[in-house]
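S.K.: Below are the structure tokens for one structure; questions will follow.
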Amino acid sequence: MSTKQILVVEDESIIAEDLKDSLINLGYTVPAVESTGEKAIKKTEDTKPDLVLMDIVLHGNMDGIEAAKEIHSRFDIPVVYLSSYSDEEILERAKITEPYGYIIKPFNERELHINIEIAIYKHMIEKKLRDSEHWLYSTLRSLGEAVITTDRFGIIKTMNPFAEALTGWERENALEKPLSIIFNIISEKPGQKVENPVTKVTREGMFYGLAEHTLLITKSGMKVPVDVIGSLIKDDKEKIIGVVLVFYDIIERKRLEEKLKQANIEKPF
């Protein structure tokens, strides 16, 4: 027996009761049946259902689309629309609220059951993904080095505050851009090219350091000597899905090397 709670928002009382009976027959719990968008929002806040079945046309000043938008933004609870209409304009308005389903009346119990289960499962997977991404970003923020991750094509997916500070790029402006734009590296030696880190790590699996004289050109045009560590990101099936780069400002190390060189002392590293 399912313990999932489904809030029903339907202004036609006969349809609402039939829908409630169908849901109970399918093993769901129905905490309430509401007929207006305003009451639906309040009941969602009070009961925190697993899903809301929302009729688009409702009594009151707020239709189902407006109510769904409020529920989506405030409570992160999936909404499946119920409607007698398949009008393109209505569908376009509905899409903005990111619904988890759209059922055209009349419908049978099997269709209702399938749509509900798919919507709840999809919402659960998306929440796990968001939680995982939040955990990853929180971990990256806590590291003391600059970190950038990309997909396997070299498009930036995450970067931490140290990477922002070193490159001069803010995270929100860097995401989804090619790595070569944000992590713009050249060689100190004229005519010597520096291999794209994504290409290098994809070929080698992992590397420590690029060229000995690698410079990062920041967003402001400043040239900073850096050292880089790169590694592959793989999924649970060992498929390559991206690359992680950890890089360091080595300007102090370069200064020390220069002092040792001037003093004719062999560098200790």
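What follows is calculated from the coordinates using simple rules that are stated; it is not laboratory data. Computed from a predicted model, the values in this text were never measured in an experiment. Quick reminder, even Gly has a Cβ in these numbers, built from the backbone with ideal geometry, and neighbours come from all protein chains shown.
S.K.: Straight-line reach from Lys200: which lysines have Cα under 20 Å away, leaving out those fewer than 8 places along the same chain?
M.R.: Lys157, Lys177, Lys189, Lys234, Lys239
S.K.: Still on this structure, I have one more. Can you return the lysines within cross-link range of Lys4? Criterion is Cα-Cα under 20 Å, with same-chain partners fewer than 8 residues away left out.
M.R.: Excluding near neighbours in sequence, the set is Lys20, Lys42, Lys43, Lys48, Lys122, Lys127, Lys128.
S.K.: Relative to the first principal axis of the alpha-carbon coordinates of the chain, what is the inclination of helix 64-75, with its axis defined by its Cα atoms, in degrees from 0 to 90 and to the nearest 10?
M.R.: Helix 64-75 and the main axis of the chain meet at about 50 degrees.
S.K.: Would you mind classifying the range 6-131 by shape? Square roots of the alpha carbon gyration tensor eigenvalues, ordered a ≥ b ≥ c; an a/c under 1.5 is rounded, otherwise it is prolate if a/b is larger than b/c and oblate if not.
M.R.: Rounded, since a/c falls under 1.5.
S.K.: Follow-up. Run lengths n ≥ 4 of DSSP H only: what is the helix-derived mean residue ellipticity at 222 nm for the chain, with -39500 (n - 2.57) per run over all residues, to the nearest 500?
M.R.: -13000 deg cm²/dmol
S.K.: Now for a different question. Using alpha-carbon pairs under 8 Å, 6+ residues apart, how would you state the relative contact order of the range 143-262 in percent?
M.R.: Taking the mean separation of contacting Cα pairs over the length of the range 143-262, I get 26 percent.
S.K.: Given axes a ≥ b ≥ c from the Cα gyration tensor, I'd like to know whether the range 143-262 is rounded (a/c under 1.5), prolate (a/b larger than b/c) or oblate.
M.R.: It is prolate, given that a/c is not under 1.5 and a/b is the larger ratio.
S.K.: Something else now. Looking at the chain, identify the longest residue range that excludes and avoids all trypsin sites (Lys or Arg not before Pro) in DSSP loops having at most 11 other Cβ atoms within 10 Å.
M.R.: Within the chain, the longest run free of exposed trypsin sites (Lys or Arg not before Pro) spans 1-192.
S.K.: Taking 7 Å along the Cα-to-C-beta vector as the label spot, tell me the Lys122-Lys223 distance in nanometres, rounded to one decimal.
M.R.: According to this spin-label approximation, the distance is 5.2 nm.
S.K.: Rounded, prolate or oblate, given the Cα gyration tensor of the range 43-109, with a/c below 1.5 counting as rounded?
M.R.: Because a/c hits 1.5 or more and a/b exceeds b/c, the range 43-109 counts as prolate.
S.K.: Tally Lys/Arg at +1 and Asp/Glu at -1 over every other residue whose Cβ is under 13 Å from the Cβ of Ala67; what's the total?
M.R.: Once all neighbours under 13 Å are counted, the net charge is -3.
S.K.: Which option, (i) 22.0, 72; (ii) 20.8, 69; (iii) 27.4, 94, is the value of Rg and Dmax of the Cα atoms in Å that was calculated from these coordinates?
M.R.: Identified label for the calculated read-out: (iii).
S.K.: With the dipole of the chain worked out from charges on the C-beta (+1 for Lys and Arg, -1 for Asp and Glu) around the Cα centre, which of Thr214, Thr199, Val57 lies farthest toward the positive end?
M.R.: Of Thr214, Thr199, Val57, it is Thr214.
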